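Student: Mind having a look at this structure? Questions to follow.
All of the numbers you see were taken from the coordinates with simple rules; none came from a lab. Given the structure is predicted, the values throughout are model-derived calculations rather than measurements. Cβ coordinates were reconstructed from backbone atoms using ideal geometry, including for glycine residues, and neighbour counts include every protein chain displayed.
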Amino acid sequence: MLTNNDAVKTRIYLVVIFLTGVFIYVALKLYNVQITRHEELYKEAQAQYTAKRTKTGKRGEIRDIDGNLLIGNIPVTRIIADPCNVESKIDAQRLATLLSWDFGLNYGECYKDLLNKTRMKKISDGREVEVKRRYTLLVREVEFQEAEKFRKKLELNNIPGVTFEHSYKRYYPKKQLLANVLGFIGWRGIEPFSAGTTQPETVREVYEVDRSGLKLHYGSGHQETARDGEHIYLTVSEPIQSIVEEELDKVMEKWKPKSAYVVMADPRTGNIMAIAQRPTFNPNQRVEMDDDSWRLKAIEDSFEPGSVMKPMVVAGALDSGVVTPQTTFDCENGLWIYRNRSMRDTHPAQMVSVADIIKHSSNIGTAKIGLALGEKRLDHILRSFGIGQRTGIPIKPETRGQYSSLKRWDGLSITRFPIGYGVAVSPVQMLRAYCALADGGNLRRLRLIDRVEDSATGNVAKALFEPPIQIYRNPAVANQIVSLMVRVTEEGGTATRAAIEGYDVAGKTGTSRKWLAAEKKYAYNKSFATFAGFVPAHDPAFALVIVVDEPVGSIYGGTVAAPAFREIATRTLKFLDVKPKMATVSEVSATAQVSAPITNTPPARRSPAVTRKREQAPATTKPANSGSGGKKFIPLDESYYQRNYRQNPGSR
């Protein structure tokens, strides 16, 4: 029989056993939580009080050659909400109302988005599980001042769950200046194709937050400094670009053309000094723009150049020894029938010297020079000036233009190609060719990027100069062709309106009628009016090409484009402080009429008085028919496209 003591002992044993079991259970549970599942539960706990975000530095700036800012960055704010921290429907309603009032967002969509507190997430084993939704983007991009006003409203209304991320957006302080060249990310221009250089570094930041999602300034976490992108300096000069665009606007106002282009470069380096086109756009305001104004048509499109092609053919004929400046050709009194097709001259004449063929822009004389050269030599000459080739400018897409292979020439090609018909070039291709004429036959790749600066260290990497290709075999040709081109702007030439008092101007007009594909003939009243030249002629500060597409009121390059050349060149020479010669243009013209025939002796080069010291590109090291070679400064995508042009445009 059990006594009371035995009953007490039994109860004690049972309690001890129960407590021991509980202790063992708790110990096992603690072991499982603290040891076995430590990492798993620690990560879950961290997720409750820590936040992660990516942090990106500023994209590198783009500046002109003197450091003037062309593309920069301005601070903006991204407004983000954590739906799980917007605890009540009332808070969601008030937040949606403020978003609607301040930023014009749809109230209903915002309210619905804030109430959605979960989302489906695929885990490692492929299953989808429901997890808390901790992120929703409310406003993608708003100016810093507006974001601060909104933040204060949230504080006054005690609305939790909203955070503000600060970042930057691209800003174009000069608006439409150089807009087509600069472009923007996701489109064309120097901006997207130098993105690998200007791209900033992105790092991940981890920090602790309170219950409302606000960042705590203590606790665990780590922060890294995001590295900014590198700065690019272009070869373009902002003051010269401004001159070019102002004068181009005057051309548009006076002649009401469909479009117009101006390109300028330093012949000694290949540095692009200015590129402008109309129509254009303001990259800060892209809502109401069309594709026609976005594209950089001075590089992407091509046109039949007309008579601006003639100096290249004559230079090649002089270099080959086929003609001299005094060689004469029968210009058939202004009408010539060749292979049952007619060709006309604006200034009818009989026997005309090569010098006057250039001065008076004789189509018949130039065509007969082409016949004297023969197809193979003519083909070699045009290709040696870069016709049918890309210029090397680091913007894509760039057209090659249209230039048929020799085996595809027809019977008329040898007479039409020399006068700029049946061949299509881009304005920058023509600029490159005229730089070669200006620089003694040195054909260079065009450069648009001058240098790159490391934003962190300030170290500067200079863009490499590629050695030019020497076109001429006879050095005397360089002065001969320049002297012939100077006569074009003197009294009796086709470009007297391009003359600048105090300077010798070398150039050539071009008037090419547009081909109507549907009607298979040339338009009578639609044309490209062109002038290409360089100044001072024997020591050029720049080469300049102006193309006006479908001017209204006149179709001639000497009337439409030559005066624009004079205005741009005059203002640019003053800016560069290039001193005029002592004699005036009228005195030079009077002397030229009684002067001896053109000689092979070039005049002594003056010392150019230019405020910015001119860079000298490397000397010629390659033969005339070689590739351009050398390293590219910034590797760019080689995805080009080529436009199709008709092969046999017929006669003028």
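Student: For a quick check: sort ASP266, ASP301 by the number of other beta carbons within 10 angstrom, fewest at the front.
Tutor: ASP301, ASP266
Student: FRET efficiency for LYS122 and LYS256, Cβ-Cβ distance as r, R0 = 51 Å, nearest 0.05?
Tutor: 0.25
Student: Tell me, rounded to the nearest percent, the portion of alpha carbon pairs in the range 316-470 spaced more than 20 Å apart.
Tutor: Beyond 20 Å sits 59 percent of the P(r) for the range 316-470.
Student: Moving to a separate point now. Taking the Cβ-Cβ separation of GLU155 and ASP6 as r and a Förster radius of 60 Å, what is the calculated FRET efficiency to the nearest 0.05?
Tutor: Plugging the Cβ-Cβ distance into 1/(1 + (r/R0)^6) gives 0.25.
Student: While we're here: What is the distance, in nm, between label points placed 7 Å from the Cα along the Cα-to-Cβ direction at ASN525 and at ILE74?
Tutor: According to this spin-label approximation, the distance is 4.5 nm.
Student: What do you get for trypsin sites (Lys or Arg not before Pro) in the range 126-155 restricted to DSSP loop and a cutoff of at most 14 other Cβ within 10 Å of the site's Cβ?
Tutor: Counting only loop positions with at most 14 other Cβ atoms within 10 Å, the trypsin sites (Lys or Arg not before Pro) in the range 126-155 are ARG127.
Student: Using a simple spin-label model with points 7 Å from Cα along the Cα→Cβ vector, what separation in nm is obtained for LEU14 and GLU501?
Tutor: Rounded to a tenth, the inter-label distance reads 12.6 nm.
Student: Count the net charge of all other residues whose Cβ sits under 13 Å from the Cβ of LEU378, scoring Lys and Arg as +1 and Asp and Glu as -1.
Tutor: +3
Student: Sticking with this one: Given a Förster distance of 22 Å, report the FRET efficiency between VAL322 and GLU491 from their Cβ-Cβ distance, rounded to the nearest 0.05.
Tutor: So the FRET efficiency works out to roughly 0.15.
Student: Run the dipole for the range 426-532 about the Cα centre, Lys and Arg Cβ at +1, Asp and Glu Cβ at -1, nothing else charged, and hand back the magnitude in debye, nearest 20.
Tutor: Taking the Cα centre of the range 426-532 as origin, the dipole is about 640 debye.
Student: How about the range 491-532: which trypsin sites (Lys or Arg not before Pro) there lie in a loop by DSSP and see at most 10 other Cβ atoms within 10 Å?
Tutor: Answer by residue number: LYS520.
Student: Could you list VAL552, VAL547 in order of exposure, starting from the residue whose Cβ has the fewest other Cβ atoms within 10 Å?
Tutor: Exposure proxy ranking, most exposed first: VAL552, VAL547.
Student: With labels modelled as points extended 7 Å from the Cα through the Cβ direction, what inter-label distance (nm, one decimal) is found for LEU406 paired with GLU39?
Tutor: 7.2 nm
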